[in-house]
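Here's the structure, in structure tokens; my notes come after.
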Amino acid sequence: MSKTALVTARVDPDLKSATENILRQLGMTHSQAITMFYRQINLRRGLPFEVNLPNAETRQAIEDAVSRRNTRSFETIEEAFEELGI
């Protein structure tokens, strides 16, 4: 019996390149990362992260943030903390 199996997947080339760059910085190959992902799926009996669609409020907040609507800017982190009461 073979000690490895081939996994073939099609992904966006830019996503693949960016992801492999991050994995390289972590000292991992894409094969090691995929193996880790598969192990986590087996351990958890499902995906190792939550997968869901954002609700209407979250979608609106994302749209606002991307378009920079209804947002505030601060000169310093201290100003932001003060606004938040922290």
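What follows is calculated from the coordinates using simple rules that are stated; it is not laboratory data. Quick caveat: nothing in here was measured; it's all calculated off a predicted structure. Reconstructed Cβ throughout: ideal geometry from the backbone, glycine too, with neighbour counts over all protein chains shown.
Restricted to helices (runs of 4 or more DSSP H) entirely inside the chain, those with at least 1 residues that are in contact with a helix residue (DSSP H, G or I) (Cβ under 6 Å, 6 or more places away or on another chain) are 13-26, 30-44.
A quick yes/no check of all residues on (1) surrounded by 11 or more Cβ atoms within 10 Å (Cβ to Cβ); (2) under 24 Å from the mean Cα position of the chain (by Cα); (3) over 30 Å from residue 4 (Cα atoms):
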| site | (1), (2), (3) |
| --- | --- |
| 36 | yes, yes, no |
| 50 | no, yes, no |
| 54 | no, yes, yes |
| 61 | yes, yes, yes |
| 64 | yes, yes, yes |
| 67 | no, yes, yes |
| 76 | no, no, yes |
| 82 | yes, no, yes |
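Residue count for segment 41-68 satisfying the condition of being polar (S, T, N, Q) and in contact with a Phe, Trp or Tyr (Cβ under 9 Å, 6 or more places away or on another chain): 0.
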